[in-house]
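The values are calculated or read from the model by the stated rules, or taken from the named source; none is laboratory data. Computed from a predicted model, the values in this text were never measured in an experiment. Reconstructed Cβ throughout: ideal geometry from the backbone, glycine too, with neighbour counts over all protein chains shown. Side chains are part of the model used for accessible areas, which takes the heavy atoms of the whole protein and leaves out ligands, DNA and RNA. Shrake-Rupley method; radii C 1.70, N 1.55, O 1.52, S 1.80 Å.
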Amino acid sequence: AASAASLRKRPQTRSFAASILLTVLLVRLSCRFIRNMRASVRIADVNDYVSPSKSCIVGAKKSFSAARVAINTTVQITLSDCLACSGCVTSAETVLMKEQDTSMLKQLLANSSVSVVVSISLQSLTALSHHFNTSVNDCARRLNTVLRKIGASSLVPVSAIAQPVTLVESANEFIELYRSILQHKRSSVKIIENPNLYPSTFPVLSSECPGWVSYVSKRSSKDVMQRLSNTKSIMGVTGAIVKRGNVHVHVAPCFDKKLERVRKGVDVDLVITTGELLDIILEYLNGSSLQTVLPTPVEGEGHTDSGWGLVRPPDTGVSGGYAHNIFRISAKALFNITNSEPSFRTARDGIWEASLEIDGHTALRFGLCYGQRNLQNLLRQISIGGCKYHYVEVMACPSGCLSGGGQLKFLQKGNNSKVSRFSIQQEAVRLQRKLYKEQPERLPETAVSSGVLASIIGDPAGRRSLHSNLDRELSTPYNSPSHQFIDW
């Protein structure tokens, strides 16, 4: 009461306090507005998981009113319905694909009338070798034996055939785009120092990561879609090479590859993750060790003249080596500069960058963009015309493909601490990265210089089979079989 009386005696004090409160409120509202307007996303534990929209009722609209749907009713919608809808951001970790699982693989392997070729990514092989505590080469040979015994015809590491072809063709695509602009450039300096002057071409964006491609197709403009590389992903190129009358099963470190499989022109019949393959291997072993299985050489091993074998290309990250190898190949083809190994450094916006300087001019500037947070920064730069890169390798997962959603989870039983689980998983990824880097390097252009791979690159029809039109494929209905449904 005394305080109230005191305030009544001093109205100027009361108005001063009110003005302070109003100022604080306005500052807080302004800060909230600024945070909401920022292009970067503040998310903890960023990965390639994006939850679906709660308003997705595409399947319900087809048969009955959404308002009359019973609570426990399961709505079945086709995958093409889901991807054609703009109600959610496509992420395969939110899509339960009813027939792309281990049961379908078992059915294929049990069918003796078909030849099943299993291709496997180097990231998946690395995770499995870490799990079984063996080298990558030894793990591949023993897995080949197991798969042959349960019905597969062969195991093909993608690093043996498809990866060098994909990298060389991606480099050829970039070089052709760069040269096409130089032909119309009147300046005597035959470099493209400012990519912003050619917004319809640069930056060229990698299309290896299906999570990134799906995100762009739903959240970005057509201009961004047109910047995506038209060279197929490593999985798509593998299908173009090994399909040829076979049933092609691909083992990937990412659930999003299941979505990529249903796109037109992707010659893959089934995609399973690293964890799903491990379930099949453990079921076959029935408690025994993988070391009890005799090793069998993988498909094409030892044919080094054609580039086949358990090797990997030079790779700054652990996701295929796109930026690293395209930079090096382009520097030689465009400017006759050899031994131009890129040295990537962290830029201000979380994008790793490397550049090639010629007489004080920047001839090439490449970027590595990993994780949803940095991905948002990249799209913001492109939207405002401030992207300074000629090429950007983009991956949705913060640590690249080694930490994909389909990889193995190395967690200790009984440990419920979130911090401990995270640290254990990070240590596992660190060890896998070490195993990955221990694989011998082979330049992709050397791998495709002769033999079978050279015939693919050198043949015009073969080169056409390595390309796709993502802008058209992601804007039209998918050719998914009518019997494939998703249980939501």
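Scoring Ile120 on the criteria (1) open to solvent by less than 10 Å² (accessible area, probe 1.4 Å); (2) at pLDDT 90 or above; (3) farther than 30 Å from Leu290 by Cα; (4) not aromatic (Phe, Trp, Tyr) leaves a single failure, condition (3).
Specify the residue that is nearest to Ser214 (Cα to Cα); the eligible residues are those in region 224-235 that are outside any strand (DSSP E or B) and open to solvent by less than 20 Å² (accessible area, probe 1.4 Å). Explain how you work it out, then say what you get.
Keep residues of region 224-235 that are outside any strand (DSSP E or B), which gives 224-227, 229-230, 232-235.
So of that shortlist, the ones also open to solvent by less than 20 Å² (accessible area, probe 1.4 Å) come out as 224-225, 229, 233-235.
On the way: Val224: 12, Met225: 10, Ser229: 14, Ser233: 14, Ile234: 17, Met235: 16 Å.
Among residues in region 224-235 that are outside any strand (DSSP E or B) and open to solvent by less than 20 Å² (accessible area, probe 1.4 Å), the one nearest to Ser214 (Cα to Cα) is Met225.
Only a single item in (1) aliphatic (A, V, I, L, M); (2) over 30 Å from Arg365 (Cβ atoms); (3) open to solvent by less than 10 Å² (accessible area, probe 1.4 Å); (4) in contact with a Phe, Trp or Tyr (Cβ under 8 Å, 6 or more places away or on another chain) is not met by Leu147, and it is number (4). The condition (being among the hydroxyl-bearing types (Ser, Thr, Tyr) and buried (at least 24 other Cβ atoms within 10 Å of the Cβ)) is satisfied by just one residue among Thr201, Thr238: Thr238.
Note on region 255-280: residues that are open to solvent by less than 20 Å² (accessible area, probe 1.4 Å), under 17 Å from Met395 (Cβ atoms) and assigned to a loop (DSSP other than H, G, I, E, B) total 1.
Scanning region 341-364 for residues that are surrounded by 16 or more Cβ atoms within 10 Å (Cβ to Cβ), of a type outside the set (A, V, I, L, M) and over 21 Å from Cys209 (Cα atoms) gives Pro342, Ser355, Thr362.
Listed here are the residues, each with its yes/no results for (1) within 26 Å of Val117 (Cβ to Cβ); (2) modelled with pLDDT under 90.
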{"site": "Val242", "(1), (2)": "yes, yes"}
{"site": "Asp267", "(1), (2)": "yes, yes"}
{"site": "Leu270", "(1), (2)": "yes, no"}
{"site": "Asn325", "(1), (2)": "yes, no"}
{"site": "Leu334", "(1), (2)": "no, no"}
{"site": "Thr338", "(1), (2)": "no, yes"}
{"site": "Thr346", "(1), (2)": "no, yes"}
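Please work out if Ser180 is part of a helix (DSSP H, G or I) and open to solvent by 10 Å² or more (accessible area, probe 1.4 Å). Considered against the rule, which asks whether it is part of a helix (DSSP H, G or I) and open to solvent by 10 Å² or more (accessible area, probe 1.4 Å), Ser180 comes out as yes. A single entry from Val237, Val168 fulfils the requirement of being modelled with pLDDT of 90 or more and more than 30 Å from Asp359 (Cβ to Cβ): Val237.
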